[in-house]
Every structure is written in structure tokens, then in C-alpha cells.
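Enquirer: Have a look at this one.
The values are calculated or read from the model by the stated rules, or taken from the named source; none is laboratory data. Just so we're clear, the structure is a prediction, and the values are computed from it rather than from any experiment. Note that we place each Cβ from the backbone using ideal geometry, even for glycine, and neighbour counts take in every protein chain shown.
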Amino acid sequence: MTLKYLIQKEFLQIRRNSFLPRLIIAFPIVIMCVLPWVMNMEVKNVVVDVVDNDRSTLSRELIHSIEASNYFIFNGQKPTYQAALGEIERGKADVVLVIPQDFSKDVSRGRKPQVLLAANAVNGTKGSIGSAYLSQIVTSKVMPDAASIQGKVSILTLYNKRQNYKLFMIPALFAIVMMLMTGFLPALNIVGEKESGTIEQINVTPVSKWAFILAKLIPYWLIALFVITVCLLLAWLVYGLTPAGPIWLIYLLAMLLALFFSSLGLIVSNYSDTMQQAVFVMWFFVVCILLLSGLFTPVRSMPHWAYLTTYVNPMHYFIDAIRTVFVRGGTFPAIAHQVLALLAIGLFMATWAVQSYKKNS
């Protein structure tokens with residue numbers, strides 16, 4: 001019965017706060033409706049300058065191929081390489097293509113002409129991938145046999161057949177929403193009570209530490225259920241995307257991640273004296289967990305010492321598992337390893353949260 005009244009107290013505090021109810025509703029809506037459009041790793045709108053020193057039919061075909069591509073913005077022809085390089089230095093172009101003299105003659109004679117590609121490497125991703133796209137177009141003109149060989153290769157896409165990047169990113173955005181909703185709010189809860197002095201009134205009551213901590217965790221677990229439901233509905237209504245696997249697995253993963261982050265938030269609040277201190281400490285851990293999780297970059301691309309951190313990173317297990325369920329349609333046996341890892345880490349953090357809370361009798 002004591003736990004029931006403590007949970008009622010937590011919901012009353014949330015409801016009486018003029019900001020939190022709006023945040024709980026608005027945050028997942030903004031994340032799901034804005035970020036899938038901007039968090040796109042596909043490189044497009046690469047601005048290309050061309051220096052055509054051949055002025056032949058083949059060189060004009062090459063230029064028209066660049067103009068027709070959806071990945072490039074043709075910025076026009078420049079008289080010299082120095083003029084085109086000046087465009088890159090002023091930030092008006094990303095890649096320069098220099099077509100040499102006798103380009104058409106060399107191709108007709110079976111030679112391989114030296115075509116110059118100069119890319120702006122300030123944005124390394126855009127420069128390297130844009131150059132790779134452009135080199136494919138040039139290769140198709142210089143080596144038409146290679147293009148015919150590539151045409152004989154068939155690619156069978158088993159999952160995400162339309163290569164929709166939103167289908168890959170939306171499950172990962174669930175993790176960001178859960179992290180901020182169930183991590184920061186519990187951290188600020190106890191610290192807020194410390195600053196207002198109400199926690200001292202609870203400390204002198206016979207309420208056990210387990211009951212007090214559970215009363216702090218359960219409301220945010222229910223908020224996690226609400227938030228993940230809103231995210232699933234928005235993914236269906238806005239983007240027409242639904243999980244390929246069982247929905248109950250997504251809720252299971254969400255609750256395990258909520259267990260970890262809510263426990264982490266309470267641990268930070270137990271060791272913090274002010275709200276500012278709790279926010280900075282939580283932000284430090286959240287950024288490290290997020291960047292080392294594989295959300296934005298493959299974990300295998302990390303140095304070996306950084307890759308080892310993924311073994312204790314719950315966000316990595318969550319992202320790997322929810323993408324398996326959402327995109328590939330995996331069942332419980334396919335994500336059993338991730339579920340057990342999340343459960344073990346979550347229980348460890350929950351026990352730490354209880355033990356770190358110092359109740360004055």
C-alpha cells in the first residue's frame with residue numbers, strides 16, 4: 001500500500017508541473033516527425049564543376065550524364081582548372097572534373113585517358129562519396145565493357161527492399177527518445193526534491209529504500225510505454241512503416257532500456273547535490289553511450305579498444321536488437337543474447353540505484 005501512495009505522489013508531481021506533461025507529449029512527436037528527414041547518410045546535391053578540354057561528342061555526353069544524375073548539381077563549365085579550384089576554395093563547388101584533351105580519341109582507340117577528379121575534403125564524407133559516384137559515371141564512359149559486366153550482376157535485397165533509409169533510422173530514434181525521457185527526468189526528480197527539501201520528509205518515514213526507488217522508477221516505465229506507443233503510431237501514420245517482427249518484442253526491449261536509463265538517472269541524482277550537477281553528469285554519460293553504440297557509425301569501424309566498450313553498452317544491444325525486429329522481422333531467439341545482456345545490465349544498475357540511495361533514519 002505504501003508503494004501505491006508513493007506512485008500516486010509521483011504522478012501528482014508530474015501533473016502539477018506545467019512543463020513536463022507537454023515535454024512528454026511533444027518530444028517524441030518532434031523527434032519522429034523531424035529527425036528521420038534530416039538524419040540521412042545518403043550523399044546528394046554534390047556541386048560539380050567541369051573543365052572540358054576535349055570539346056567532343058563523348059565529353060558532352062559525359063557532362064549530360066552528370067546533369068541527369070540525382071546526386072549532382074551541375075555548376076557549369078569552367079575555362080581552366082585554376083578557376084574551378086577557386087570555386088572549391090570559396091565553397092561554391094564540391095568536386096571538379098577535368099576532361100583532358102583527346103579524351104574521345106583515347107577511348108575510341110582502347111586507351112584509358114587520365115581524368116582528374118578534385119574533391120573538397122573539408123567534409124570528408126561528402127567529398128569521398130561524391131567522388132566515388134562521379135568516378136562511376138566516368139568509368140561507364142571510359143570503359144563501357146565494365147558497365148555491361150555490372151549490368152549482368154543481379155542484386156537480391158532481402159530486407160528493406162526499397163532501401164528506405166528511414167526504415168533503418170527510425171528504430172534507432174526510439175533509443176534516443178527513451179534515453180532522454182527515462183534518463184534525464186528521473187535524474188532531475190530526486191535532485192529537485194533535494195533542492196526543495198521534500199526528500200528530508202520522506203527520509204524520516206519508515207518507507208524502505210526499495211519502495212522509494214521503485215516509486216521513482218515505475219512512473220517513468222509507464223511513460224516509456226506511452227512514448228514507444230506514440231513512436232510506433234507516428235512511424236505508421238507519417239511514414240507507413242510498421243515492424244516486420246512481433247511488436248511485443250519492441251515493448252520488451254523498450255522496457256529493458258528504460259530500466260537501465262531510469263536506474264542511471266537515479267544513481268546520478270543520488271550522488272548529485274544540485275540540478276545543474278546532475279544535468280552535466282547525465283549529459284556526459286549519455287553522449288558517450290550514444291556515440292559508442294553504433295547508432296551513427298558501424299562499431300566494427302572503431303578502434304579495438306573502443307569496440308570493447310560495446311560489450312557493456314546497453315544502447316548498442318538495444319539498437320542491434322530493435323533493428324533486427326523492426327527491419328529483418330527477427331523473433332525472440334534472434335535477439336535472445338541482446339535481451340539477456342540488457343536484463344543483466346538493467347538489474348545491476350537498479351541494484352546500484354537502491355544501494356546508492358542514502359536514507360537517513
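Enquirer: Identify the single condition in (1) assigned by TED's automatic domain parsing to the domain that holds Ala211; (2) among the β-branched types (Val, Ile, Thr); (3) surrounded by fewer than 13 Cβ atoms within 10 Å (Cβ to Cβ) that Ile29 does not satisfy, given that it satisfies every other one.
Expert: Checking Ile29 against (1) assigned by TED's automatic domain parsing to the domain that holds Ala211; (2) among the β-branched types (Val, Ile, Thr); (3) surrounded by fewer than 13 Cβ atoms within 10 Å (Cβ to Cβ), the one that fails is (3).
Enquirer: Now, a different point. Would you point out which residue out of Phe348, Phe318, Phe285 is part of a helix (DSSP H, G or I), at pLDDT 85 or above, within 25 Å of Lys209 (Cβ to Cβ) and under 19 Å from the mean Cα position of the chain (by Cα)?
Expert: Phe285
Enquirer: Consider the range 1-43. How many of its residues are within 30 Å of Asp94 (Cβ to Cβ) and modelled with pLDDT under 80?
Expert: Final tally of qualifying residues: 6.
Enquirer: Exactly one condition in (1) more than 30 Å from Leu232 (Cβ to Cβ); (2) out of contact with any Phe, Trp or Tyr (no Cβ under 8 Å at 6 or more places or on another chain); (3) at pLDDT 80 or above is false for Val48; which is it?
Expert: Every condition holds for Val48 apart from (2).
Enquirer: Still on this structure, I have one more. Restricting attention to the range 65-115, report how many residues are part of a loop (DSSP other than H, G, I, E, B) and under 14 Å from Val46 (Cβ atoms).
Expert: Counting residues in the range 65-115 that are part of a loop (DSSP other than H, G, I, E, B) and under 14 Å from Val46 (Cβ atoms) gives 7.
Enquirer: Of all residues in the range 244-264, which are part of a helix (DSSP H, G or I), in contact (Cβ under 8 Å) with a residue 24 or more places away in the chain and of a type in the set (A, V, I, L, M)? Give the steps one after another, and end with the answer.
Expert: The initial filter retains those residues of the range 244-264 that are part of a helix (DSSP H, G or I), namely 247-264.
Adding the requirement that they be in contact (Cβ under 8 Å) with a residue 24 or more places away in the chain leaves 249-264.
Leu249, Ile250, Leu252, Leu253, Ala254, Met255, Leu256, Leu257, Ala258, Leu259, Leu264, listed by residue number.
Enquirer: While we're on this one: So Leu342 fits all but one of (1) more than 30 Å from Gly192 (Cα to Cα); (2) of a type in the set (A, V, I, L, M, F, W, C); (3) over 16 Å from the mean Cα position of the chain (by Cα); what number is the exception?
Expert: (1)
Enquirer: What do you reckon, is Phe72 among the aromatic types (Phe, Trp, Tyr), touching a residue at least 40 places away in the same chain (Cβ under 8 Å) and touching a Phe, Trp or Tyr at 6+ places or on another chain (Cβ under 8 Å)?
Expert: When the stated conditions are applied, Phe72 passes them.
Enquirer: Additional query: So which residues in the range 203-243 are assigned to a loop (DSSP other than H, G, I, E, B) and over 21 Å from the mean Cα position of the chain (by Cα), if there are any at all?
Expert: In the first step, residues of the range 203-243 are kept if they are assigned to a loop (DSSP other than H, G, I, E, B); the result is 204-208, 240-243.
Once the filter is applied, which keeps residues that are assigned to a loop (DSSP other than H, G, I, E, B) and over 21 Å from the mean Cα position of the chain (by Cα), the range 203-243 yields Val204, Thr205, Pro206, Val207, Ser208.
Enquirer: Check the range 229-246 and report whether any residue there is buried (at least 18 other Cβ atoms within 10 Å of the Cβ), in contact with a His (Cβ under 6 Å, 6 or more places away or on another chain) and within 22 Å of Tyr165 (Cβ to Cβ).
Expert: no
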